[in-house]
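Heads up: the structure comes next, in structure tokens.
The values are calculated or read from the model by the stated rules, or taken from the named source; none is laboratory data. Bear in mind that the values here come from a model prediction, so they are computed numbers and not experimental data. Ideal geometry is used to build each Cβ from the backbone, glycine not excepted, and the neighbour counts take in all protein chains shown. Areas reflect the complete protein model, heavy atoms only, side chains present, ligands, DNA and RNA absent. Shrake-Rupley method; radii C 1.70, N 1.55, O 1.52, S 1.80 Å.
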Amino acid sequence: MAESEEYYDYLFKLVLIGDSGVGKSNLLSRFTRNEFLYESKSTIGVEFATRNLKMEGKTVKAQIWDTAGQERYRAITSAYYRGAVGALLVFDITKRATYDNVDRWLKELREHADPDIAIMLVGNKTDQPHLRGVSTAEAQQKAREAKLSYFETSALSGDNVEASFTELVKEIYSIASRAQIDVAGSSWVPTQFRPDHAESVPLGGPAKPASNGGCC
Amino acid sequence: MGSSLNAERIKKLVDNCKLDELRRIGQETGFQDARIRRIAWPYLIRSFGDVKNFEIKENTTSSFSEQIALDTKRSCFKYFASEKAWDEMSEESRAKAHSKVEEMQNKLNRVLNMVFSQGSSLHYYQGFNDLANTVMSVITDESECAQLCHHLAANQFSLCTTPSLAPVTDELSLIFHILGFNEQKLLDHLTKANLNDPFFAVGWVLTWFAHDIDNTEAIARMFDFMVCSHPLAAVYAATVVVLVERDGVLAREADYAEIYSFLRSIMTERDHEREQEWSKEVLRATSKVIAQKEKAMGPPPHFLGYVQMILEQTTALLKRMPPASFHTCTDVLFPKYPILCTSFDEEHLAKAVARRERRRELTRTVVVGGILGLAVVVVVAVASQGRAEGYT
């Protein structure tokens, strides 16, 4: 790549949440490395990966935190909601129970995340249409009611993965760039893992370019 | 193998209940092959306490069955091929290998269901599958394996199998506490990066590193050490990893994500390293066993050498700052979990409990005294008022 991975104009922290086994980690590896692991392990605690995206000529670094799905890990994973500007709430379209739990995850976000976090509902595993247990229309309806956007993806085939992440980033970007005009002149720092400062920077502002700009 | 470690000798030690000697071997060199481990591990695992009424149940389920099924389906792969080898396999050989893996996964599933359906209050957590997988790679008999996993769940992992993971986060905080005594500069850097909780180490502690390591020999070596050590030994080992990797941490910007991802993946990185970035000099200088063995057997396989070094430093740290020495702090940090002072230091536990009792007693005295004092003041005030009124 010609451009250094280090350089970015904006840093967005996103979280991947949802029940165990819905495919969060594989969505992330598909998006950041274009990989799908048949032999993937369950996630313990929290892992993360990043990918840079171009938005209107600016570089946005998406820093995506992938969380363990099992309920008992919430004590740890919910600490990562703070300061996040976006969330992908994933369920498995072939497992009804994971869809039924969406409301609980929304409640989780309401309790621990910033109030204006952008949330996208994602129905994963469209590569198994014969096992579908949740219809598109139904999920769309739920998303509309909760004012979320909705995407259906397949981490396995790669279908719609790029589109869903990009759409969420775009949504946040448009809010962030609008907000930037409002606070022009104030010195923004990127939203990092800074619980005590999180509320002062609801959206990732322009980050300082890395001091050593890599090759040029 | 040219060492004096052989199955007969270990068997003799087990038969004669030479627990200390066995523990010393497990910590210093490990048991080196599955045959010897099969003799040593059951005895050592059981030495941490009794588990009452283990029932052998075939085809049982538990309230954790769903989660167990999800996790076992994602287990066992490393016992057939490395991650890279899986990646490069043809569709056909992958399908063939998968059916073999499935057999092992089904067995693991049965083991885990047996462990968590014992009517006890043990709670399954994601990661326990990695632990049980390791035990199963050595103890092939299904019910014996389940019984030993049950022992682990009830004793050395008793803090992890409670209904919430809160005790584990307390346990993890000990990492920074120990770091503070050893490397203030390192701790300052972590604090500057807002790394206030060592969550990067949660998988290490919950699985004795089995989740992050693919090298099955190295995992077994890790377990040789842990089944011989204090329940907090994994927390000490985690601390040592951070200390050993200090230059890597300090070289990074004090940024949460940077440092988190570096530490979170360091064991896997070291495991997968082809080239030996770790200079042999460092290993030789820090590991007595490696220096000795090298003379006889040539240089150690790289990652095993790394693990050996970590464990030797863990032993040293455990000796220098034994868990008992943290009792004043564990008493404050873990008031609800006196269980942290298990087995090895009952005396300290008794003292800690007595200390707490005394404190509680003192509080009670102060409160009662305060109330009595107040009552006296009120009575006197009322009486004097009454007297004053009487005069008018």
Inset, instruction - With respect to B:Leu186, determine if the residue is of a type in the set (A, V, I, L, M, F, W, C) and under 14 Å from the mean Cα position of the chain (by Cα). - result: no
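Tally time: how many residues in segment B:221-262 are away from chain A (no Cβ under 14 Å), in a helix (DSSP H, G or I) and open to solvent by less than 10 Å² (accessible area, probe 1.4 Å)?
Of the residues in that region, 14 qualify.
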Legend entry - Matching entry among B:Ser75, B:Ser93, B:Ser65 (being within 14 Å of chain A (Cβ to nearest Cβ) and open to solvent by 40 Å² or more (accessible area, probe 1.4 Å)): B:Ser93
Inset, instruction - With the checklist (1) touching a His at 6+ places or on another chain (Cβ under 9 Å); (2) open to solvent by 80 Å² or more (accessible area, probe 1.4 Å); (3) under 18 Å from B:Asn133 (Cα atoms) in hand, flag the one item B:Glu103 doesn't pass. - result: (1)
Legend entry - Cβ-Cβ under 6 Å pairs, at least 6 apart or on other chains, segment A:154-170 side closer than 15 Å to A:Gln63 by Cα, far side aromatic (Phe, Trp, Tyr) and part of a helix (DSSP H, G or I): A:Phe165/A:Phe31
Inset, instruction - Examine segment B:173-191 for a residue that is in contact (Cβ under 8 Å) with a residue 12 or more places away in the chain, outside any loop (DSSP other than H, G, I, E, B) and at the interface with chain A (Cβ under 9 Å from one of its Cβ atoms), and state whether such a residue exists. - result: no
Legend entry - Condition met for A:Arg178 (open to solvent by 70 Å² or more (accessible area, probe 1.4 Å) and at pLDDT 95 or above): no
Legend entry - Odd one out for B:Cys160, checked against (1) within 13 Å of another protein chain (Cβ to nearest Cβ); (2) at pLDDT 95 or above: (2)
Legend entry - Residues of segment B:108-117 satisfying the condition of being in contact with a helix residue (DSSP H, G or I) (Cβ under 6 Å, 6 or more places away or on another chain) and open to solvent by 30 Å² or more (accessible area, probe 1.4 Å): B:Asn109
Inset, instruction - Filter segment A:37-68 for residues that are hydroxyl-bearing (Ser, Thr, Tyr) and free of Cβ contacts under 8 Å to residues at least 12 places away in the same chain and give the result. - result: A:Tyr38
Legend entry - Those residues of segment A:3-21 which are part of a loop (DSSP other than H, G, I, E, B), farther than 25 Å from B:Ala85 by Cα and within 12 Å of chain B (Cβ to nearest Cβ), in sequence order: A:Glu6, A:Asp19, A:Ser20
Legend entry - Conditions (1) touching a residue at least 40 places away in the same chain (Cβ under 8 Å); (2) under 30 Å from B:Gly305 (Cβ atoms); (3) aromatic (Phe, Trp, Tyr): number failed by B:Phe80: (1)
Inset, instruction - For B:Gln118, state whether it is over 17 Å from B:Thr72 (Cβ atoms), assigned to a loop (DSSP other than H, G, I, E, B) and either within 11 Å of chain A (Cβ to nearest Cβ) or in contact (Cβ under 8 Å) with a residue 40 or more places away in the chain (or both). - result: yes
Legend entry - Yes/no for B:Lys12 being over 17 Å from B:Leu148 (Cβ atoms), free of Cβ contacts under 8 Å to residues at least 60 places away in the same chain and in contact with a helix residue (DSSP H, G or I) (Cβ under 9 Å, 6 or more places away or on another chain): no
Inset, instruction - Quick one: in segment A:139-153, of everything that is in contact (Cβ under 8 Å) with a residue 24 or more places away in the chain and out of contact with any Gly (no Cβ under 6 Å at 6 or more places or on another chain), which residue is nearest to A:Lys24 (Cα to Cα)? - result: A:Thr153
Legend entry - Of residues in segment B:121-152 being of a type in the set (Gly, Ala, Ser) and either surrounded by 24 or more Cβ atoms within 10 Å (Cβ to Cβ) or farther than 18 Å from B:Met226 by Cα (or both), the one farthest from the other protein chains (Cβ to nearest Cβ): B:Ser143
Legend entry - Qualifying positions in segment A:59-77 - touching a helix residue (DSSP H, G or I) at 6+ places or on another chain (Cβ under 8 Å) and either under 17 Å from A:Leu168 (Cα atoms) or more than 9 Å from every other protein chain (Cβ to nearest Cβ) (or both): A:Val60, A:Ala62, A:Gln63, A:Ile64, A:Trp65, A:Asp66, A:Thr67
Inset, instruction - Considering only segment A:29-55, state which residues are more than 11 Å from chain B (Cβ to nearest Cβ), open to solvent by less than 10 Å² (accessible area, probe 1.4 Å) and under 21 Å from B:Ser75 (Cα atoms). - result: A:Ser29
Inset, instruction - Return a yes/no flag: does segment A:137-154 have any residue that is within 17 Å of A:Lys95 (Cβ to Cβ), part of a helix (DSSP H, G or I) and either open to solvent by 30 Å² or more (accessible area, probe 1.4 Å) or touching a Ser or Thr at 6+ places or on another chain (Cβ under 6 Å) (or both). - result: yes
Inset, instruction - Output the number of residues of segment B:195-213 satisfying the condition of being within 10 Å of chain A (Cβ to nearest Cβ), surrounded by 19 or more Cβ atoms within 10 Å (Cβ to Cβ) and in a loop (DSSP other than H, G, I, E, B). - result: 3
